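Okay, so here's the structure we're looking at.
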Amino acid sequence: MIDAKQVLHVARLARLELAPEDVQPMADELSSILGHIEQMSSLDLEGVKPTTHVVPVEGVLRADEAEAPLPREVALSQAPKHSETGFLVPSPQA
Amino acid sequence: MAQSESITAAIKTTATEQIAAIQAGALDARELFDAYRERAAADPNNAFTWVASETPAELPAASTPLAGLPVAIKDLFCTEGVPSQSGSKLLEGYLPPYTATAVQKLIDAGSTSHGKTNQDEFAMGSSNENSAFGAVLNPWDPSRVPGGSSGGSAAAVAAGQAPWALGTDTGGSIRQPAAFCGLVGLKPTYGSVSRFGMIAFASSLDQAGPITRSVADAALLLSHMEGKDPRDMTSIGLREPIEVPTRTDLTGLRIGVPEELSGEGIDPGVRASFEAALEQAKALGATISTIHLPNAPHALSAYYVLAPAEASSNLSRFDGVRYGNRLEAEDGSLIGMYTRTRTEGFGAEVKRRIMLGTYALSAGFYDAYYGRAQQVRTKIVEDFADAFSQVDLIATPTAPTTAYELGAKSSDPLSMYLGDFCTVPMSLAGIPAISIPSGLADGLPVGLQLAGPAFSENLILGAAHALEQAIGFDTAGAIR
């Protein structure tokens, strides 16, 4: 259902790395779960609308009035690396 | 420290009774808070990830609605300045700069948290064995799991380490641990409690709710959590105020038992307890009938597409940039930093679900999985609408088994997922559902689930209260 090659592709999309010995077990586990999920294909869903949200919500936009944001130093305080003005990350060019 | 006999006796009473005693001057709130804090710190079941080092210098006044009573908070609720790690190594030591709305509302009503509770990592699990901070033990039998993902919250309340606790429920994570630990657990209508400050798992399903020792306690705690919140655009609050449940009979109430969620797959001990509870309901005046939720057998399939898909998107924020731990790559690259941070920070189950969700959303598979699952969700919603045109409430066992041994299902993810089949349909439909203890099977608690239409919390709580009084289960049975 999902093979080792697809597992490696999906892992790359998800920014996860799998040890070589973990690739096939992951493929087997996901295949077993997907095998159960496949039971959905026995249902006739022609013309059925998808549900994205179960409870009706209206007027979700608040008035466009500025509120006090988190102070910058507080927002930065939990970052692994930061300067006085922003988050620091390795250079994308590295 | 030895605790006085009167405090030990007070700990066996419910939160509602404790508040009444504090307000009558018969119980000292500080002494009670101290006792809970010490019991939480001793932590024989690994239920807590953080416990307050001391009782606050000033507790809220006895005249406040919650009278200074402590509350245990599931780890995934952000609480300012207190570790909020969602059971993950990736967030170890994270101190949020703000507090979740549900928690803040309880503080505003006169409560104070004395501890954060252990959980499955990012709420992904049904046994609390997926925590980076170790498994939680069931106070009824420490060789068994407490359920999950709010297993620490349930274990803490069952062991008398907290009068009550906050949990979250995505596919059963309040109701199933409440069932396994002999407690009351309520998942309210989706949108009734703000999700602001809850570290997200699956946003269209996640809902906060109480885990308590009585139905009246659940009503009281929910009444102080619910409400529309400008910081959560999906929150709407409840349509009517929560009433203190006083109902003692079920005259005229129509209860439907869906064949799909009460027959095949339910263990004999659970089934016997469930049938005995239905007899009690009949004796209280309810009419019981068999109904059908024809698409319910497909609910798990839809859930295990939708929840991982939403999770794979929500958890993309954990990249080592803004919060949590970071691990640099050997090659010094940015992508390498993201990848190493996530690979070493997430546990096996979280990775499995991110993989599943990413696959389901990836090009070429979206329609077959995610699109189809959303259509199945529509069918489930319609099934419940049909059912509630015939009956007032739906009753099922909360879980097909009682608490199982540690390790029994941890090597087989699919068998763990299948254990959620009684609770997941209500989550997909966004409707409220409560689990109350229906009795014991081989010495372990069994949960009875009652579900109703959206915003029927008062009806559910009333019926649950009547049944609770008739059943007479001792929710203090595991307090030592």
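No value in this document is a laboratory result; all are computed from the given coordinates. Note that the structure is predicted; figures quoted are calculated from it, not measured. Methodologically, a virtual Cβ is constructed for each residue, glycine included, from the backbone with ideal geometry; neighbour enumeration extends over all protein chains shown.
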Practice prompt. List the residues whose amide H sits under 5 Å from the amide H of A:HIS82, counting only those 5 or more places along or on another chain, with H placed 1.01 Å from N in the peptide plane.
Written response: A:LEU88
Worksheet item: What's the extension gain from B:ARG317 to B:SER6 if we count 0.36 nm per residue and subtract their Cα-Cα distance?
Response: 107.1 nm
Worksheet entry | Dipole magnitude (debye, nearest 20) for chain A, charges at Cβ of Lys, Arg, Asp, Glu | 300
Discussion item. Counting only other residues whose beta carbon sits under 13 Å from that of B:GLY263, what net charge do I get with K and R as +1, D and E as -1?
Written reply: -4
Practice prompt. Excluding residues fewer than 8 places away in the same chain, name every one of the lysines whose C-alpha is closer than 24 Å to that of A:LYS49.
Written response: B:LYS379
Worksheet, complete the sentence: Residue-normalised 222 nm signal for chain A, counting each DSSP H run of n ≥ 4 as -39,500 (n - 2.57), nearest 500 deg cm²/dmol, is -10500 deg cm²/dmol
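Give B:LYS187/B:LYS409; B:LYS74/B:LYS409; B:LYS74/B:LYS351; B:LYS12/B:LYS116; B:LYS105/B:LYS228; B:LYS74/B:LYS105 a once-over and call out the pairs whose C-alpha atoms are over 18 Å from each other. Can you show the working numbers first?
Numbers: B:LYS187/B:LYS409 25 Å; B:LYS74/B:LYS409 23 Å; B:LYS74/B:LYS351 21 Å; B:LYS12/B:LYS116 21 Å; B:LYS105/B:LYS228 11 Å; B:LYS74/B:LYS105 15 Å.
Cα-Cα > 18 Å for B:LYS187/B:LYS409; B:LYS74/B:LYS409; B:LYS74/B:LYS351; B:LYS12/B:LYS116; rest within.
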Worksheet item: How large is the dipole of chain B about the Cα centre if only Lys and Arg carry +1 and Asp and Glu carry -1, each at its Cβ, rounded to the nearest 20 debye?
Response: 540
Discussion item. Quick check: Cα centre of region B:445-463 to Cα centre of region B:268-314, how many Å?
Written reply: 12
Practice prompt. Identify the GluC sites (Glu not before Pro) of region A:1-76 meeting these criteria: DSSP loop state and at most 10 other C-beta atoms within 10 Å of the C-beta.
Written response: A:GLU46, A:GLU58, A:GLU65, A:GLU67
Fill in: Paramagnetic reach from B:SER143 (point 7 Å along Cα→Cβ, amide N under 18 Å) across region B:162-179
none
Worksheet entry | Ranked list, fewest to most other Cβ atoms within 10 Å of each Cβ, for B:ARG322, B:ARG342, A:ARG15 | B:ARG322, A:ARG15, B:ARG342
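Based on the Cβ-Cβ distance from A:LYS81 to B:GLU259, what FRET efficiency comes out when R0 is 51 Å, to the nearest 0.05?
0.35
Once you list every other residue whose beta carbon is under 12 Å from the beta carbon of B:GLY87, what net charge do they have if Lys and Arg are +1 and Asp and Glu are -1? It would help to have the intermediate numbers written out before the result.
Details: positive: B:LYS74, B:LYS89, B:LYS116; negative: B:ASP75, B:GLU92, B:ASP120, B:GLU121, B:GLU129, B:GLU349.
Residues close to B:GLY87 contribute a combined charge of -3.
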Worksheet item: In whole angstrom, how far apart do the alpha carbon centroids of region B:6-62 and region B:375-408 sit?
Response: 35
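Per DSSP H run of n ≥ 4, the term is -39500 (n - 2.57); total these for chain B, divide by its residue number, and report the mean residue ellipticity at 222 nm rounded to 500 deg cm²/dmol. If you can, show how the numbers build up before the last one.
On the way: 15 runs with 162 residues, N = 480.
Calculated from helices alone, the mean residue ellipticity at 222 nm is -10000 deg cm²/dmol.
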Practice prompt. Express in whole angstrom the spacing between the alpha-carbon centres of region A:1-80 and region B:169-212.
Written response: 19
Worksheet item: Along region A:2-11, what does the Karplus equation 6.51 cos²θ - 1.76 cosθ + 1.60 (θ = phi - 60°) give for ³J(HN,Hα), rounded to whole Hz, x for Gly and Pro?
Response: 10, 9, 4, 5, 5, 4, 5, 5, 5, 4
Worksheet item: What ranking do B:ILE19, B:ILE174, A:ILE2 get, fewest neighbouring Cβ atoms within 10 angstrom at the top?
Response: A:ILE2, B:ILE19, B:ILE174
Discussion item. Under the rule that an exposed site lies in a DSSP loop and has at most 12 other Cβ atoms within 10 Å, name the longest stretch of chain B with no GluC sites (Glu not before Pro) of that kind, not counting the sites themselves.
Written reply: B:59-263
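How big is the dipole moment of region A:46-94 about its Cα centre under a simple scheme where the beta carbon of each Lys and Arg is +1, that of each Asp and Glu is -1, and everything else is neutral? Debye, nearest 20, please.
The dipole magnitude comes to about 240 debye.
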